[in-house]
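Novice: There's a structure below that I have some questions on.
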Amino acid sequence: MYERKIIPNLNCGLDLIGEVLYGKWKIRLLWFINEGHKRPSELQRKIPDASRRVLNIQLKELEEHELVSKVIFPVVPPKVEYSLTDFGKTLIPVISAIGNWGDEHEARLRELISKRLDLKP
């Protein structure tokens, strides 16, 4: 099992939110679960660039941070569904605000990111 070598700094709200949302797909997972995509296979289809393993790890971390809950139905084959907790729902307006900011500055951000990655815009 992975063991952290550096203890995270948790001195302010930004450090705490970074610790909870650190992970390439976590914000998107929360958003898609909020939109009603609850099954792991649905989430995989919504985020095809992510491996199933990475999505499972990040879903587990979101569950440990009490942002999502997981229900395993006793059927064969097993059926799993994720949903946002009340605590997780409080992040949706924040994620929406960040997404709106990205939309408002899309052209500039694309240009800056392309330049940094040495890509054509």
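Novice: Which of the GluC sites (Glu not before Pro) found in the range 1-89 are loop residues per DSSP with 12 or fewer other Cβ atoms within 10 Å of their Cβ? Write down the numbers at each step before the final one.
Specialist: Working: sites: Glu3, Glu19, Glu35, Glu42, Glu61, Glu63, Glu64, Glu66, Glu81; in loops: Glu3, Glu35, Glu66.
Filter output for the range 1-89: Glu3, Glu35, Glu66.
Novice: Using a Gaussian network model of the chain with C-alpha springs under 10 Å, which one of Leu14, Leu43, Leu84 is most mobile by mean-square fluctuation?
Specialist: Sorting by GNM fluctuation, first place goes to Leu14.
Novice: Over the chain, average the accessible area per residue using a 1.4 Å probe and give it in Å², no decimals. List each step's numbers first, then the result.
Specialist: Details: 9290 Å² over 121 residues.
I get 77 Å² per residue for this part.
Novice: Could I ask something else about it? Using all alpha carbons of the chain, what is the percent of pairwise distances in each 5 Å bin, ordered from the shortest bin to the longest?
Specialist: The distribution over the chain is 2, 9, 16, 19, 18, 16, 12, 5, 2, 1, 0, given as percents.
Novice: Can you list which of the trypsin sites (Lys or Arg not before Pro) found in the range 6-52 are DSSP loop residues with at most 15 other C-beta atoms within 10 Å? Walk me through the numbers before you get to the answer.
Specialist: On the way: sites: Lys24, Lys26, Arg28, Lys38, Arg45, Lys46, Arg52; in loops: Lys24, Lys38.
Those that pass, being in a loop and sparsely packed, are Lys24.
Novice: In addition: Within 10 Å, at most 16 other Cβ atoms, and a DSSP state outside H, G, I, E, B define an exposed site. Report the longest part of the chain free of exposed chymotrypsin sites (Phe, Trp or Tyr not before Pro).
Specialist: It runs 23-121.
Novice: Between their Cα atoms, which of Lys60/Lys115; Lys26/Lys115; Lys24/Lys60 are more than 23 Å away from each other? Show your work: numbers first, answer last.
Specialist: Numbers: Lys60/Lys115 35 Å; Lys26/Lys115 26 Å; Lys24/Lys60 14 Å.
From the list (Lys60/Lys115; Lys26/Lys115; Lys24/Lys60), the Cα-Cα distance tops 23 Å for Lys60/Lys115; Lys26/Lys115.
The values are calculated or read from the model by the stated rules, or taken from the named source; none is laboratory data. Keep in mind it's a predicted model, so treat the numbers as computed, not measured. FYI the Cβ positions are ideal-geometry reconstructions off the backbone, even for glycines, and counts take in every protein chain you see. The protein model used for the area step is the full one, side chains on, heavy atoms only, and it has no ligands, DNA or RNA in it. Shrake-Rupley method; radii C 1.70, N 1.55, O 1.52, S 1.80 Å.
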